[in-house]
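Only one structure is covered here, and it is reproduced in the block below.
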């Protein structure tokens, strides 16, 4: 089932065609093609989360934001790379006002989340990030939650819904089904598709690791612009999230994540069994809404390619109006409505 939602949004004069062309042609001309504008719907970014907390698991001290009634149905929102909890800065109060207890954690390597031991590998493989969220739920005594995410966050909630369906009441996933495997990633893509993954190949080199270490703030701002070519975010909006990239483990975890995908870095043996189950591309039976923006400049599958992976009650929503990869921040009302609607499935 497909619902097309056209959002009426103000647009500043921009260079939509040039922005999309940047993803295909590389980085040349970026400074001329993109200039900082304002966040859609707000002249200045909303206030930072007022209620920031920490909870310890076996390996992490997880920083997270919380809003809404403590006895409300739990919603956990998971961000991606290179973003942070502020992707949900407008979604969170909408859900809190609707009576939900909303929890928005920093992933390992971001913001206030810290790895407790210097001896713990700085591991970014997909299974460990999903396990982090399960362990956070255990520590907070949350048996079951509605899960929502995009980018790394979408992959994470997909994995939880597939491997621990008893912990997931329902799910909203931007760009659909993103569970992968090292084996599947051995297959080369067509040249144009490979080009869109330029940063993955950059990170595979020591030059790329050093470059990301030295230039992570400007690098990630570039990713924001390429992934959302019609989103005219301002410097204040970006800088609010960019602080999260100063986490001491950020670079190591990002580099490991992308190298692990290509089979260039090993995961931890205790996650081998989980990865073997994920490599089989398990179906997801929990109620699900998938979403896609009409101007997503990041690599993403077409909805028809993954619709059959969702075997429970399922709906896909296309979001119009120039919405890019960071859908919860660019179209917060549409994302919040999806969470509320999937909870009723």
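The values are calculated or read from the model by the stated rules, or taken from the named source; none is laboratory data. This one's a predicted model, so the numbers in the text were calculated from it and none came from an experiment. Don't worry about glycine lacking a Cβ; one is built from the backbone with ideal geometry, like all the others, and counts go over all protein chains shown.
All of 259, 317, 333 fail the test of being at pLDDT 95 or above, in a helix (DSSP H, G or I) and more than 21 Å from residue 127 (Cβ to Cβ), apart from 333.
For residue 138, the conditions (1) crowded, with 24+ Cβ neighbours inside 10 Å; (2) part of a helix (DSSP H, G or I) all hold with the exception of (1).
Being closer than 18 Å to residue 66 by Cα and in contact (Cβ under 8 Å) with a residue 60 or more places away in the chain is not true of residue 151. In this structure, residue 195 does satisfy being more than 17 Å from the chain's Cα centre (by Cα), surrounded by 15 or more Cβ atoms within 10 Å (Cβ to Cβ), touching a residue at least 60 places away in the same chain (Cβ under 8 Å) and in a helix (DSSP H, G or I). For beta carbons closer than 9 Å, sequence separation of 6+ or different chains, a first residue in the stretch 164-188 that is farther than 18 Å from residue 305 by Cα and a second that is modelled with pLDDT under 95, the qualifying pairs are 170/345. Checked against (1) surrounded by fewer than 24 Cβ atoms within 10 Å (Cβ to Cβ); (2) without any contact (Cβ under 8 Å) to a residue 60 or more places away in the chain; (3) in a helix (DSSP H, G or I), residue 160 meets all criteria but (1).
Return yes when residue 144 is more than 20 Å from the chain's Cα centre (by Cα) and at pLDDT below 95 and no when it is not.
no
Filter the stretch 95-112 for residues that are more than 14 Å from residue 251 (Cα to Cα) and within 19 Å of the chain's Cα centre (by Cα) and give the result.
Residues satisfying the conditions are 95, 102, 103, 104, 105, 106, 112.
Every residue in the stretch 93-135 that is within 24 Å of residue 258 (Cα to Cα), touching a strand residue (DSSP E or B) at 6+ places or on another chain (Cβ under 7 Å), assigned to a helix (DSSP H, G or I) and touching a residue at least 60 places away in the same chain (Cβ under 8 Å), please. Within the stretch 93-135, just 132 meets the criteria.
A quick yes/no check of all residues on (1) closer than 15 Å to residue 158 by Cβ; (2) out of contact with any strand residue (DSSP E or B) (no Cβ under 7 Å at 6 or more places or on another chain); (3) touching a residue at least 60 places away in the same chain (Cβ under 8 Å):
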{"position": "256", "(1), (2), (3)": "no, yes, yes"}
{"position": "274", "(1), (2), (3)": "yes, yes, yes"}
{"position": "320", "(1), (2), (3)": "no, no, yes"}
{"position": "340", "(1), (2), (3)": "no, yes, yes"}
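For the stretch 43-59, the count of residues that are under 17 Å from residue 146 (Cα atoms) and part of a loop (DSSP other than H, G, I, E, B) is zero.
Residues in the stretch 198-233 that are within 27 Å of residue 323 (Cβ to Cβ) and not in a helix (DSSP H, G or I): 6 in all. Residues in the stretch 166-192 that are part of a helix (DSSP H, G or I) and over 18 Å from residue 275 (Cβ atoms): 166, 167, 191, 192.
Somewhere in the stretch 281-303, is a residue part of a helix (DSSP H, G or I) and touching a residue at least 24 places away in the same chain (Cβ under 8 Å)? Checked against the condition, which is being part of a helix (DSSP H, G or I) and touching a residue at least 24 places away in the same chain (Cβ under 8 Å), the stretch 281-303 yields at least one hit.
Has the stretch 278-286 got any residue that is modelled with pLDDT of 95 or more, under 18 Å from residue 108 (Cα atoms) and crowded, with 21+ Cβ neighbours inside 10 Å? Give the steps one after another, and end with the answer.
Taking the stretch 278-286 and keeping what is modelled with pLDDT of 95 or more, we get 278-286.
Then keep just the ones that are under 18 Å from residue 108 (Cα atoms); that gives none.
Checked the stretch 278-286: no residue is modelled with pLDDT of 95 or more, under 18 Å from residue 108 (Cα atoms) and crowded, with 21+ Cβ neighbours inside 10 Å.
Search the stretch 46-73 for residues being touching a residue at least 60 places away in the same chain (Cβ under 8 Å) and buried (at least 21 other Cβ atoms within 10 Å of the Cβ), and hand back the single one that is farthest from residue 157 (Cα to Cα). Going through the qualifying residues, I end up with 60. Answer yes or no: is there a residue in the stretch 222-230 that is in contact with a helix residue (DSSP H, G or I) (Cβ under 9 Å, 6 or more places away or on another chain), surrounded by fewer than 21 Cβ atoms within 10 Å (Cβ to Cβ) and modelled with pLDDT of 95 or more. Scanning the stretch 222-230, I find at least one residue that is in contact with a helix residue (DSSP H, G or I) (Cβ under 9 Å, 6 or more places away or on another chain), surrounded by fewer than 21 Cβ atoms within 10 Å (Cβ to Cβ) and modelled with pLDDT of 95 or more, so the answer is yes.
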